[in-house]
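Participant: Here it is, the structure, as structure tokens.
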């Protein structure tokens with residue numbers, strides 16, 4: 001198993017990409033701490049993993065709050081004595097609309113969930129990583145941070161920030177044997193935010209419009225994203241840090 005006994009904290013694990021990552025990591029032997037603010041959804045995913053023979057526990061917490069991050073990392077320390085991998089998957093977007101219609105509250109929430117959470121994760125995980133001789137962080141950004149499109153300008157910029165933040169963290173934390181990488185999924189109808197990306201209902205026309213931009217001719221799935229994260233979290237990627245993997249069917253080419 002590629003992640004045997006690695007203690008892994010995954011945010012936004014109650015649905016979508018996060019749930020897919022949690023399930024895939026557990027299949028490969030990880031001890032999963034599934035984080036979300038959705039208690040029912042998070043417990044459902046954790047229970048499904050346990051029922052399949054894996055190890056998973058729900059840890060509730062708001063990734064935009066410093067105190068919650070302190071508690072999340074402390075939970076790993078208390079339950080397992082260590083933390084090997086953090087996957088920053090939790091994300092949020094304003095609805096697809098003109099830039100001048102985005103409210104200040106929406107701007108603040110986008111940056112708090114998408115960017116501040118990454119800052120806080122390292123703030124609390126890094127001391128533990130240092131004390132145990134290393135660790136890995138995988139940040140979920142987006143193709144929107146590589147090839148932005150109108151209507152999601154604030155969201156796009158937040159994902160661009162995650163990409164640069166990941167690279168800079170990799171350079172700074174490398175001497176501590178901490179690897180930091182990034183995964184950039186393309187649009188997926190399997191996430192709770194798909195309607196927001198579409199600007200409303202995800203109609204057949206909207207799906208066709210998104211699909212036309214992907215040369216491989218299909219959307220990314222939670223399993224696609226999970227497999228990329230699995231590689232970056234595993235020892236197979238021991239020399240890989242500061243990189244971004246586009247899981248996008250060549251959309252960003």
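Participant: Specify the inter-centroid distance of the stretch 37-72 and the stretch 228-249, based on alpha-carbon positions, in whole Å.
Facilitator: Taking the Cα centre of each part, the stretch 37-72 and the stretch 228-249 sit 23 Å apart.
Participant: Suppose only helical runs count, i.e. DSSP H with n ≥ 4. What mean residue ellipticity at 222 nm does that imply for the chain under -39500 (n - 2.57) per run, divided by all residues and rounded to the nearest 500 deg cm²/dmol? It would help to have the intermediate numbers written out before the result.
Facilitator: Working: 9 runs with 110 residues, N = 253.
That comes out to -13500 deg cm²/dmol.
Participant: Counting other beta carbons within 10 Å of each Cβ, put 7, 45, 87 in order, fewest first. Don't skip to the end; give the middle numbers.
Facilitator: Numbers: 7 21, 45 25, 87 30.
Placing the least packed residue first, the sequence is 7, 45, 87.
Participant: Taking the beta-carbon count within 10 Å as an exposure proxy, list 143, 153 from fewest neighbours to most. If you can, show how the numbers build up before the last one.
Facilitator: Values: 143 24, 153 18.
Ascending Cβ contact count within 10 Å gives the list 153, 143.
Participant: Order these by the 10 Å Cβ neighbour count, fewest first: 235, 190, 248.
Facilitator: On the way: 235 10, 190 18, 248 23.
With the sparsest Cβ surroundings first, the list reads 235, 190, 248.
Participant: Using the per-residue mean of other Cβ atoms lying within 10 Å as a proxy for protection, in what order, highest first, do the peptides 174-184, 18-28, 191-201 fall? Walk me through the numbers before you get to the answer.
Facilitator: Working: 174-184: 21.1, 18-28: 25.2, 191-201: 16.2.
In decreasing order of mean packing, 174-184, 18-28, 191-201 become 18-28, 174-184, 191-201.
Every number here is computed from the coordinates shown, using simple stated rules; none is lab data. From a predicted model like this one, the values you see are computed outputs, not experimental measurements. Please note: Cβ atoms are built from the backbone with ideal geometry, for glycine as well, and neighbour counts cover all protein chains shown.
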